[in-house]
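Colleague: Starting off with a structure, shown below.
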């Protein structure tokens, strides 16, 4: 059965499931829309952390230990910067720098981020289409109790997401690119990958039109939590800080108007009643959602697509 | 004897003698004015090849094999760019990239190249003052028989200086910085290092005021030729193409209104008569000018300063 799938993804966890989907779907049937709220400029370079994580993961060159960055990376350029007395709170690897140099160069030549991403991912041999959520500037800004307003990378990398978040702001009036618009028009299923709902998915929703388009599409959300804890990163902490319980029912209420199926871990116990209280029509699918190995990714993608096809579509 | 020396230098050969001078003069008595005609933009980075060669040489971190670039360099970033299908006619090393990233960043913040160079060289522990010949844009452009007009790096790196040069053009109206002006006002001796007269020194002369200031100062020129051949690079080829004999008398006529002493190699034979025919008052000093080892640099600097002090000053 040919099924046009649009996946939404942020960083490491989302990239893993996107990689699984890429292994089970024909490339022309999969489009991955990626968060750009974390994008920023560093030493004049245009950095797109989530796009790169998804790109490197699908290309099979991601650092298997960290999940982000490139395997067999070296750090000579930024070590040199350190010797020049620079404050090294955000380091870029040497191989990774090749990506940022080319992206920045092509953007300066007038290409859109969508076109740049297409060119980079083609050269890396990636079959599915990777799309930034928008070609416009959309910056996630974090208001915190302890440090006031912080840029995303300051909050996330410099302060290691320790400050208490009081508000998330998505700066900029971002519109969908024609590529995102077409992908959502043609989509028969949306998969929201196990990414941080507030930091990775919410900024995608902040692009004008995306949330509305999703409301009209069959949508399966894969939880980034197990037993109330994020598998990686601050999803649970941030959900708590911004008024969502870090649980299946918290996710159900966050995705209330969008999700038709919620995939949670088999060890999360019986949460059916709690979820139904928040989202009466939501289908709950409990399975092993941990992706430790490469086959785990493909396996989870297969189970999700089978479940959705049999039970929901 | 305290002697305020200004040295003019281009790339590898000039940097070696500048390094020698740095070892025999107190840091406060040596200013090195460096060619910026080769400077260019590459992937959005501001590259100053001659400044970097002099800087790395004086810092003791130059690649001893090539004379330019940094020792123990790696090439991961530009190998990544190559995997993205980029044409790699000009590669930058990873450690070297640290310099270009910081220089570009500081220039974009509004610092002058002179200020940036000062900051970089201080962090590298360099004592003498390194000054770009100008803070303005001054671009060496090469008109060639075979390929028409070429940017300097295209001519030098892409086409390996093989096209026949019909004309050199120094684009831009460049003025002296106040730092260059003060250095030339205070100078008691000018040493023109063994750099290509047409590609490295002529663009320094193209900065308004520098040539005039040099005419009023005692000046020793160190030949970049031995037996009519450049020790490195295309000095002889280019002199021939632009109407100068690649010899002591060719140098004497190129530097006629500036040089008081010309230092040539001991193996160049008896050229006294030929030189005097072109420059009757020029002092000729023949000595071993080859700098193969680190002590050779200091040694040549010492011999030149002794000769000039005894015979000329």
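Colleague: Scan segment B:60-71 and tell me whether some residue there is touching a helix residue (DSSP H, G or I) at 6+ places or on another chain (Cβ under 6 Å) and facing chain A (nearest Cβ under 7 Å).
Modeller: So far as segment B:60-71 goes, no, none of its residues is touching a helix residue (DSSP H, G or I) at 6+ places or on another chain (Cβ under 6 Å) and facing chain A (nearest Cβ under 7 Å).
Colleague: Looking at A:73, A:82, which one is assigned to a helix (DSSP H, G or I) and modelled with pLDDT of 95 or more?
Modeller: A:82
Colleague: Would you kindly identify the helices (runs of 4 or more DSSP H) lying entirely within segment A:205-313 that contain at least 1 residues that are in contact (Cβ under 8 Å) with a residue 40 or more places away in the chain and out of contact with any strand residue (DSSP E or B) (no Cβ under 6 Å at 6 or more places or on another chain)? Outline the logic, then answer.
Modeller: Numbers: elements: A:210-215, A:235-241, A:248-254, A:272-278, A:294-307.
By residue number, A:210-215, A:235-241, A:248-254, A:294-307.
Colleague: Would you check if residue B:50 is assigned to a loop (DSSP other than H, G, I, E, B), within 24 Å of residue B:231 (Cα to Cα) and either within 12 Å of another protein chain (Cβ to nearest Cβ) or at pLDDT 95 or above (or both)?
Modeller: So residue B:50 does not fit the description; no.
Residue-wise test of (1) within 14 Å of chain B (Cβ to nearest Cβ); (2) surrounded by fewer than 23 Cβ atoms within 10 Å (Cβ to Cβ).
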position	(1), (2)
A:4	no, yes
A:18	no, no
A:26	no, yes
A:41	yes, yes
A:83	yes, yes
A:94	yes, no
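Colleague: State yes or no: is residue A:89 closer than 23 Å to residue B:119 by Cβ, under 24 Å from the mean Cα position of the chain (by Cα) and more than 11 Å from chain B (Cβ to nearest Cβ)?
Modeller: So residue A:89 fits the description; yes.
One line per residue, one yes/no per condition, for (1) out of contact with any strand residue (DSSP E or B) (no Cβ under 6 Å at 6 or more places or on another chain); (2) within 14 Å of chain A (Cβ to nearest Cβ):
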position: B:122; (1), (2): yes, yes
position: B:146; (1), (2): yes, no
position: B:157; (1), (2): yes, no
position: B:160; (1), (2): yes, no
position: B:187; (1), (2): no, no
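Colleague: For residue A:75, which of the numbered conditions (1) free of Cβ contacts under 8 Å to residues at least 24 places away in the same chain; (2) touching a strand residue (DSSP E or B) at 6+ places or on another chain (Cβ under 7 Å) fails to hold?
Modeller: (2)
Colleague: Suppose the filter is at pLDDT below 95, surrounded by fewer than 15 Cβ atoms within 10 Å (Cβ to Cβ) and farther than 17 Å from residue A:18 by Cα; does residue A:268 pass it?
Modeller: No: the conditions fail for residue A:268.
Colleague: Here's a follow-up. If only one of A:179, A:146, A:186 is loosely packed, with under 14 Cβ neighbours inside 10 Å and in contact (Cβ under 8 Å) with a residue 24 or more places away in the chain, which one is it?
Modeller: On the way: A:179 fails: loosely packed, with under 14 Cβ neighbours inside 10 Å; A:146 fails: in contact (Cβ under 8 Å) with a residue 24 or more places away in the chain.
The match here is A:186.
Colleague: So residue B:131 fits all but one of (1) crowded, with 21+ Cβ neighbours inside 10 Å; (2) within 26 Å of residue A:93 (Cβ to Cβ); what number is the exception?
Modeller: (2)
Colleague: Would you mind stating whether residue B:31 is free of Cβ contacts under 8 Å to residues at least 60 places away in the same chain and either in a helix (DSSP H, G or I) or in contact with a strand residue (DSSP E or B) (Cβ under 7 Å, 6 or more places away or on another chain) (or both)?
Modeller: No: the conditions fail for residue B:31.
Colleague: Now, a different point. Of everything in segment B:101-115 that's more than 8 Å from chain A (Cβ to nearest Cβ) and surrounded by 23 or more Cβ atoms within 10 Å (Cβ to Cβ), which residue is farthest from the chain's Cα centre (by Cα)?
Modeller: First, the residues of segment B:101-115 that are more than 8 Å from chain A (Cβ to nearest Cβ): B:103, B:106-107, B:109-115.
Those left that are additionally surrounded by 23 or more Cβ atoms within 10 Å (Cβ to Cβ): B:103, B:113.
Working: B:103: 19, B:113: 16 Å.
Among those that are more than 8 Å from chain A (Cβ to nearest Cβ) and surrounded by 23 or more Cβ atoms within 10 Å (Cβ to Cβ), it is B:103.
The values are calculated or read from the model by the stated rules, or taken from the named source; none is laboratory data. In this text the structure is predicted, and so the values were computed from the model without any measurement. With ideal geometry, Cβ positions are generated from the backbone for all residues, glycine too; neighbour counts draw on all protein chains shown.
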